[in-house]
Amino acid sequence: MTTIYTLTDSPVGELLLTGEKSPTGTTLTSLTMPDHPTIPADWQRDDQAFTEATRQLSAYFAGHLTRFELPLAAEGTEFQQRVWRALDEIPYGTTTTYGALAERLGVPRAEVRALGAALGANPLLLVRACHRVIGADGSMRGYAAGVDRKVRLLTHEGALQPMLG
């Protein structure tokens, strides 16, 4: 199957959306924020296939959408899939900690690193909101698109207060 993609601008930079097209529509397989995307030659650009995804992203950044409703098909291990589904339960405008997420999933304390690795492998940034997971002390720990973007997203959602300066 051919991977289709589109690029769209956002307040946190250019977004690269990839997916698979079927007779029933487009399934989103990844949403990343690469600073300089390299598109494989065998991918096909298809902006129309992502009309609904880009509409929902625009509504999110305009402050009108708090939950994405898109068909998703991210590839990952069973553990990663479980962690990623748990992200769907973290409400817009809130945060949780790595430890609290691990506890909710029944992940032993000794395996919290594996949980962090699963979050880092999340291919559906924004849609599966790994930016809402923070350190127990309130620190902004790793985010695939950069901690500065994590702070901007949490500020946008109202989970952090804007920095004055």
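The values are calculated or read from the model by the stated rules, or taken from the named source; none is laboratory data. The model shown is predicted, which means the values in this text are computed figures rather than measured ones. Note: ideal-geometry Cβ built from the backbone for every residue, glycine included; neighbour counts use all protein chains shown. Surface areas here come from the heavy atoms of the whole protein model, side chains and all, with no ligands, DNA or RNA. Shrake-Rupley method; radii C 1.70, N 1.55, O 1.52, S 1.80 Å.
Roughly speaking, what is the centre-to-centre gap between segment 124-154 and segment 102-122 when only Cα atoms are used, to the nearest Å? Cα centres, segment 124-154 to segment 102-122: 15 Å.
In debye, nearest 20, what is the charge dipole magnitude of segment 68-138 about its Cα centre with +1 on Lys and Arg Cβ and -1 on Asp and Glu Cβ, if you could check?
For segment 68-138, the charge dipole is close to 100 debye.
Using only side-chain charges placed at the Cβ, +1 for Lys and Arg and -1 for Asp and Glu, the dipole size of the chain relative to its Cα centre rounds to 420 debye.
Restricting segment 3-70 to trypsin sites (Lys or Arg not before Pro) that sit in a DSSP loop and have at most 11 other Cβ atoms within 10 Å of their own Cβ leaves Arg67. Ignoring any ligand, DNA or RNA, what whole percent of the accessible area of the chain comes from carbon and sulfur when the probe is 1.4 angstrom? Carbon and sulfur together cover 51 percent of it.
Here the contact order of the chain, divided by its residue count and restricted to Cα pairs under 8 Å and six or more residues apart, works out to 21 percent.
Assuming 1.002 mPa s and 20 °C, estimate D for segment 1-99 with Stokes-Einstein, Rh taken as the Kirkwood radius over Cα pairs, in µm²/s. D = 144 µm²/s.
Just name one of Leu16, Ile39, Thr97: the one whose Cα is farthest towards the positive end of the charge dipole of the chain (beta-carbon charges, Lys/Arg +1, Asp/Glu -1). Checking the options against the dipole of the chain, the answer is Thr97. For segment 1-93, applying the loop criterion from DSSP together with a ceiling of 13 other beta carbons within 10 Å to the GluC sites (Glu not before Pro) yields Glu69, Glu75, Glu89. DSSP beta bridges fully contained in the chain are about 65 percent antiparallel.
Taking all protein chains into account, the per residue accessible area for segment 1-60 stands at 54 Å² (1.4 Å probe). Modelled label positions at Leu105 and Gln81, each set 7 Å beyond Cα in the direction of Cβ, lie 1.4 nm from each other.
Overall shape of segment 1-43 was characterised from the C-alpha gyration tensor. The equivalent ellipsoid obtained from it has semi-axes of 20, 13, 6 Å, in decreasing order.
Dividing the mean sequence gap of close Cα pairs (under 8 Å, 6+ apart) by how many residues segment 1-83 holds gives a relative contact order of 29 percent.
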